[in-house]
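Structure first, commentary second.
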Amino acid sequence: MDMRVFDLFKIGVGPSSSHTVGPMLAARRFLLECPDLFKVRQVQVALYGSLALTGLGHATDKAVLLGLMGETPQDIDPASIDDKLSTLASSGIMHLLGEYSVKFDILDDLLWHKKEVLPGHPNGMRFTLTRNDGSTFDRVFYSTGGGFIYSEEELQQGSGSTTRPAVTVPYPFATMAELLAHGKRSGLSIATMLRANELVHCSDDELDAGLDRLWNVMSHCIERGLQITGELPGGLHVQRRAAKLWLTANDLTNALPHDGMHKVSLYAMAVNEENAAGGRVVTAPTNGAAGIIPAILRYYSQDCKPSNPELGIRQFLLVAAAIGMLCKKNASISGAEIGCQGEVGVACAMAAAGLTAALGGSNEQIETAAEIGIEHHLGMTCDPIGGLVQIPCIERNGMGAVKAITAASLALKSDGIHHVSLDQVIETMRQTGADMQAKYKETSLGGLAVHVITVNHAAC
Ligand code: SF4
């Protein structure tokens, strides 16, 4: 599988990996691939399908503009975004990749094709550059979830968005059955095999530094989310709850056995409130589902009091990545393609598997945990109200985190023998997503997105 741990876990900004991170990367890549940018007279961007339908709520417009300016999700300072965009709006001048100036009218040069879907994926974008002599250069890109982008040609060829040369890894796998077979033959854990695969690309120290950085960003995101109160942007008037509830979460007066689960929910919600506010998050595997893995990592490293949390966190991330890779390869991690089962469901499976590994579970128990995590999200739709990654997304991450602990607990107390394999449940997720009506796949044309707005309008 030509996928790395750091392809799956990407440091970026909220609120969406498919609608914010992917489009920002695509816009920048389009300009980098244009051979004669100095001759540019006009740049236009057209958004299609889910990007057009929910892009305003997901900040796709802002992401594309920032990408054209040369910004990347990983390096941009979230606090600088508003200034950059207001300078563009007031001047009408875009500095492409920070260098080449061109007139840019947000109303005329950024187009929303809400009734049209490009053939490759619901999240399509067409970039067109017109040169001074009237000739044009255009490219189509697709944002397929989790910050992955593909050009039209790459999607047709089934190749990835990475430009790395193909390499041979010691433990190649396209299914969980193959990974388990490697484990049986070698006697190695999934974490050890994933590490060996990664070491084809980097040194042990570089891998550990990269994994530690991911956890560092996740951890800071939880901390910020547990401190900041106020209203989230977008016009839904959703109040941030994690910080307010955190104030009393450690109060032992009248404590109940499930208070630990309450704290786990708050960790996850803290991350997703940061995500909804456009803050710094790690795709895990997407932004909409970014709260579950950090929540379970914090639960593991602080609440479970492990003897070597540093080691356990690294194992957790490697194993979680293996599950995410399988889901991306054999189904999807895009809400626009298969609904929320592919985002929160997959994140739950990744977290459950990671926790099982960190707590010493066998390869078979890891598979069981991941399978349970997906099985009980099958069919879950994506219907964000107002196209914002807020309702149901924030609370849904809290629920997904609690389910991940339950899945890991069931797996750890089992003998690893189970009726449904992970490969079977991933294929079931793929087929269920294919059968799901388009209105339930990140279009905000069905489900909660329609009914809550109808009720609110009636109340007005
Ligand atoms: S409902 Fe799920 S898939 Fe849809 S935007 Fe929210 S978190 Fe993502």
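Sorting 140, 217, 200, 64 from the fewest to the most surrounding beta carbons within 10 angstrom yields 200, 217, 140, 64. Equivalent-ellipsoid semi-axes for segment 343-460 (Cα gyration tensor, √(5λ), whole Å, largest first): 32, 16, 9.
Given 25 °C and 0.890 mPa s, how large is the Stokes-Einstein diffusion coefficient of segment 17-157 in µm²/s, with Rh as the Kirkwood radius over Cα pairs?
So the translational diffusion coefficient is about 165 µm²/s.
Ranked for footprinting exposure by Cβ neighbours inside 10 Å, fewest first, 304, 382 give 304, 382. For segment 260-313, relative contact order (Cα pairs under 8 Å, six or more residues apart, normalised by length) works out to 31 percent.
From its DSSP helices (H runs of at least four residues, each -39,500 (n - 2.57)), the chain gives a residue-normalised ellipticity at 222 nm of -15000 deg cm²/dmol.
Hey, any idea what the orientation-averaged projected area of the convex hull of the chain's Cα atoms comes to, in nm²? List each step's numbers first, then the result.
Working: hull surface 91.0 nm².
The directionally averaged projection comes out at 22.8 nm².
Ordering of 220-226, 178-184, 34-40 by packing is 220-226, 178-184, 34-40, highest average first (other Cβ atoms within 10 Å, averaged per residue). Ranked for footprinting exposure by Cβ neighbours inside 10 Å, fewest first, 48, 171 give 171, 48.
Secondary structure note: in the chain, about 85% of the DSSP beta bridges are antiparallel. Straight-line cross-link reach from residue 184 at under 14 Å between alpha-carbon atoms covers these aspartates and glutamates, not counting any fewer than eight positions away in the same chain: 364, 367.
Give the shape of segment 192-337 as rounded, prolate or oblate, defined through the alpha-carbon gyration tensor: a ≥ b ≥ c are the square roots of its eigenvalues, a/c under 1.5 means rounded, and otherwise the shape is prolate if a/b is larger than b/c and oblate if not. Oblate.
In square nanometres and to one decimal, what's the mean projected area of the convex hull around the Cα atoms of segment 1-62?
That works out to 5.9 nm².
Any chance you could give the angle, 0 to 90 degrees and rounded to 10, that helix 22-33 forms with the longest Cα principal axis of the chain? That helix lies at roughly 50 degrees to the long axis.
How far is helix 309-330 tilted off the main Cα axis of the chain, in degrees rounded to 10, range 0 to 90? The angle comes out near 60 degrees. Rounded to whole Å, the principal axis extents of the Cα atoms in segment 253-330 read 47, 34, 22, largest first. Taking each of 329/403; 329/413; 84/244; 114/439; 10/328; 10/305 in turn, the alpha-carbon distance tops 20 angstrom for 329/403; 329/413; 84/244; 10/305.
Coordinate-derived values only; no laboratory data. Quantities reported herein were computed from a predicted structural model and do not represent experimental measurements. Cβ atoms come from the backbone with ideal geometry, glycine included; neighbour counts cover every protein chain shown.
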